[in-house]
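Here is the structure we will look at.
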Amino acid sequence: MKNKEESSPKQHEKEQKIQEMQILEQNLQNLLLQKQAFQMEISEVKAAKKEIEKSDDIFKIIGQLMIRTDKEKTSGELLNKEKLLDIRLKSIEKQEASLSERVENLKKEIF
């Protein structure tokens, strides 16, 4: 009888850790999706910057209108956007590393 009482809290603790690990893995998956979206956006910005270098006339889509815009201004906007996306991407990578470490630690505790 005493063994069942001792194993019950241990089993409950193990189940809680497994549940926590599953939540962390789900959060990690969400971060990976965000990371992928930022990487795609960075690629698009880089491609737009290359196209701007080749072109003399630059147009920007605003709502349903296409408007001629200044090449230097647009280049600067894209550069700023790329820097912001890089910062966000690095932040996500730090969160990803932290979550991965927590998941690994939980796996060691559980198994």
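Derivation of every value follows stated rules applied to the coordinates shown; laboratory data play no part. What you see is a predicted model; the values in this text were computed from it and never measured. Positions of Cβ are backbone-derived with ideal geometry, glycine not excepted, and every protein chain shown enters the neighbour counts.
By the scheme Lys and Arg +1, Asp and Glu -1, what is the net charge of all other residues having a beta-carbon under 11 Å from that of E13? Before the final figure, lay out each step's value.
Working: positive: K10, K14, K17; negative: E15, E20, E109.
With Lys, Arg at +1 and Asp, Glu at -1, the neighbours total 0.
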- Query: Using θ = phi - 60° and the Karplus form 6.51 cos²θ - 1.76 cosθ + 1.60, what ³J(HN,Hα) does each residue of segment 99-108 get, whole Hz, x for Gly and Pro?
  - Reply: 5, 4, 5, 5, 5, 4, 5, 5, 4, 5
- Message: Order 88-100, 57-69 from most to least packed using the mean count of other Cβ atoms within 10 Å.
- Response: 88-100, 57-69
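In debye to the nearest 20, how big a dipole does segment 2-110 give about its Cα centre with +1 on each Lys and Arg Cβ and -1 on each Asp and Glu Cβ?
Numbers: 22 positive and 22 negative charges, 17 e Å.
My answer is approximately 80 debye.
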- Task: May I ask for the angle, rounded to the nearest 10°, between helix 2-54 and the longest principal axis of the chain, with both axes built from Cα atoms and the value confined to 0 to 90°?
- Result: 10 degrees
- Message: Please list, ordered by chain and number, the residues whose modelled amide H lies under 5 Å from the amide H of T69; skip anything fewer than 5 residues away on the same chain.
- Response: I58, F59, K60
